[in-house]
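Beneath this line is the structure, given in structure tokens, with notes to follow.
FYI, it's all coordinate maths here, none of it is from the lab. What you see is a predicted model, and the numbers here were worked out from it, not measured in a lab.
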Amino acid sequence: MIAQTPVAPYYAVIFTSLRTAGDDGYEAMSDKMVELAKQQPGYLGIESARNEIGITVSYWESLDAIKNWKANLDHQLAQKLGREKWYSHYKVRICRVERDYGFAEKH
């Protein structure tokens, strides 16, 4: 699904990753993080895709909301496990969305 974000401006956190081999609890933790993020103040939505490179974009009302999400203890554990066993490489980019537009086919 494409996230239903509000009128800009808002913020996007782009998490791009290369995975290591195997699951070793990754899928369960990923699902848990999505559910936990949805409960955080300032959360607006998420979009994710994975092929060889994984890209997850989460949307937030403010930089403070992003900072609070990063500091969440369960999220910190997921970050630690990601560095130790799930990712061979990742990059986080934080952006302010100034404008957005789209198209949706009508049925």
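Overview of values
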{"read-out": "Spatially proximal aspartates and glutamates relative to Lys80 (Cα-Cα < 17 Å; intrachain offsets below 8 disregarded)", "value": "Asp23, Asp24, Glu27, Asp31"}
{"read-out": "Over the range 10-97, volume per residue of the alpha carbon convex hull, in Å³", "value": "85"}
{"read-out": "3J(HN,Hα) from dihedral phi, the range 4-11, Karplus parametrisation 6.51/-1.76/1.60, rounded to Hz, x for glycine, proline", "value": "8, 8, x, 4, 5, x, 7, 10"}
{"read-out": "Amide proton proximity set for Tyr10, modelled H, under 5 Å, gap of 5+", "value": "Val97"}
{"read-out": "J(HN,Hα) series, the range 28-35, from Karplus relation 6.51 cos²θ - 1.76 cosθ + 1.60, nearest Hz, glycine and proline x", "value": "5, 5, 4, 4, 4, 5, 4, 5"}
